[in-house]
1. Answer with one residue from B:F87, B:A98, B:V71: the one whose Cα lies farthest towards the positive end of the charge dipole of segment B:43-141, charges on Cβ with Lys, Arg +1 and Asp, Glu -1.
2. Let me know the longest stretch in chain B that avoids all trypsin sites (Lys or Arg not before Pro) found in a DSSP loop with at most 10 other C-beta atoms within 10 Å.
3. Amide H neighbours of B:M197 under 5 Å, counting only residues 5+ apart in sequence or on other chains, H built in-plane at 1.01 Å?
4. Taking chain A, how many lysine pairs are there with alpha carbons less than 23 Å apart, if each pair must be eight or more places apart or span two chains?
5. Pull up all non-local amide H partners of B:H25: gap of 5 or more, or a different chain, and H-to-H distance under 5 Å with H placed in the peptide plane.
6. Over chain A, calculate the relative contact order: mean separation of alpha carbon pairs under 8 Å at least 6 apart, over the residue count, as a percent.
7. Within 10 Å of each Cβ of A:161-171, how many other protein chain Cβ atoms are there on average?
8. When only DSSP loop residues count, what GluC sites (Glu not before Pro) in segment B:65-105 have their Cβ near at most 13 other Cβ atoms within 10 Å?
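Read-outs throughout are calculated quantities, based only on the coordinates presented, and are distinct from any laboratory measurement. Model, not experiment: these values are computed from the prediction. Methodologically, a virtual Cβ is constructed for each residue, glycine included, from the backbone with ideal geometry; neighbour enumeration extends over all protein chains shown.
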Amino acid sequence: MNLLKNFALSLVGATLVVGLWALVSTTISKDLPSPIKTWTESKVYILQPFDKRGEMDQGILRMAAYSLYRVAKGFLLAILIGTPLGFLLGNSLLLSKMFDPVIQILRPISPLAWLPLGLILFRQSEPAALFTIALCSMWPTVINTMQGVRSIPQDYLNVATVLRLSPWRRFTKVLLPATLPYMFTGYRLSLGLAWLVIVAAEMLTGTPGVGGFLWQEYNSLIYSHILLCILTIGLVGFALDRLMGIAETRLRAA
Amino acid sequence: MTMTTQRPLEITSLTKVFPTPSGPHVAVKDFRALIQPGEFVSLLGHSGCGKSTVLAIVAGLSSASEGGVIVDGKEIEGPGLERALVFQTPSLLPWMTALDNVLLAVSQAHPALGHREQKAMASKYLDMVGLTEYANQRPTELSQGTQQRVAIARAFSLEPRFLLLDEPFGALDSITRRELQDLLLDLWEQDRKTVLMVTHDVDEALYLSDRIILMTDGPESRVGLELEITLPRPRSAEGSLDHPDYFRLRREVLQFLEHHSKQFSSGGHAGHSNKKSSAVVV
Ligand SMILES: Nc1ncnc2c1ncn2[C@@H]1O[C@H](COP(=O)(O)OP(=O)(O)O)[C@@H](O)[C@H]1O
Ligand SMILES: [Mg+2]
């Protein structure tokens, strides 16, 4: 019952926003395509979502899949580097004192700043995009993992000590399971960031994907497709966050 | 178990200094004790006097500032599986079942056994504390008392020679506490491990121990009084509580806790001797 009511309320909210969009597009900003125009000009992409008509002319879900694949690789790179780094910093006060300021400085740097550096370093757009996604999205993983390691109850560590667990068993039997919920919170935030970065990465590298498509259509002055991309990015991001949320609750319940 | 060849556990003029923002804090100073093989000794004193500090050092979780702990003629260097520790909170790993918590200990103490034998052994110890049907439950699904049973099973599954307990029943309601005290007595009667138990419950100490070591209040806390508990064994709630010695001993402990602890910590140990009782002035 409550679920239905909430769903109805979200529909009302969405309708109001679309209404506002329609209003703005017919009054203040004539360049902004109206919702109807957006639909008629984009429906090929939506109704044949997996079609491939050309390099930069593909169904929207096909584009999204390219982007997702790229994000997945960057995200994987981020957590493969970020998780051990978090454990290291969480375990050593010395290291964390050394690197905390560096992390605080690196964290707010925009993907638009990293990308050119990536292009210089790798001379190719694909690795540069991955480099950017990983560098921008790994910080929540590092910070949450570190926090998780630091919040392990002393009791558990004492158990590991009096049972004389080897460093490896101490890690797999105590540290890792105790930190897992924190790690997952980090992963969820990191994935959100990775998705946020994808557009910037694809725009500047001109690779196929929602971001690349968005940039191409901007250059071809087909504004309705920009809106299509924006909506797709939002919906996919929302779905990703929900999926990670479900995984996270599963994990906490287990 | 060959008790006869074992040597006592010795705590030699142990001192522990904690660095604090307001300077070094001498929690325990010159604490000495000798615990005979098979003896059940309680460490009793007011809250904050340094009982846990002493026990943690014996367990090897913390190191002494001066003095040390001698086991089998050698000074200990950190924890050892021959010394099992039961904490005040059950301290079970919540992501493992009751059985797996015990199994972790078994696999540490008996690495040479196959997985199946280790599992059988862990089950055996869970059975011993009456938790056969709780084997596959997670600690969060168990009551505090049941969790502490698992913790006791875990400690015994190490087949240790020394059992160290830090207020193991302090967080339990009185009925559960009594049950677990009887369980501990039962298990102890089976092979009479050497036990050092910290408690601030006078009746618990009297009921379980062969000897009570009373600590003076901190800082610089030390041994204030040692009492042999001469109540006959095996003990039971009815029999032991009605024993005439029980009230005499209880009064002596309470008197110490009420009147002497402060005096002992500042004025040394002179002058206290009670010929009627088995009190030993240290
Ligand atoms: N890590 C520590 N740092 C500073 N002071 C401590 C620390 N651990 C214990 N103390 C102090 O040492 C004294 C003895 O503590 P503890 O051994 O826990 O007492 P008890 O177990 O008898 O209640 C207390 O005054 C306590 O505040
Ligand atoms: Mg204590």
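1. B:A98
2. Maximal segment without exposed cleavage sites: B:1-274.
3. Amide H neighbours of B:M197: B:V41, B:S42, B:L43, B:L165.
4. Value for chain A: 4.
5. The list, which skips near neighbours in sequence, is B:F18, B:T20.
6. Relative contact order, chain A: 23 percent.
7. Details: counts 6, 19, 11, 8, 3, 1, 0, 0, 3, 0, 0.
For peptide A:161-171, the averaged partner shielding equals 5.
8. Sites meeting the loop and neighbour criteria: B:E77.
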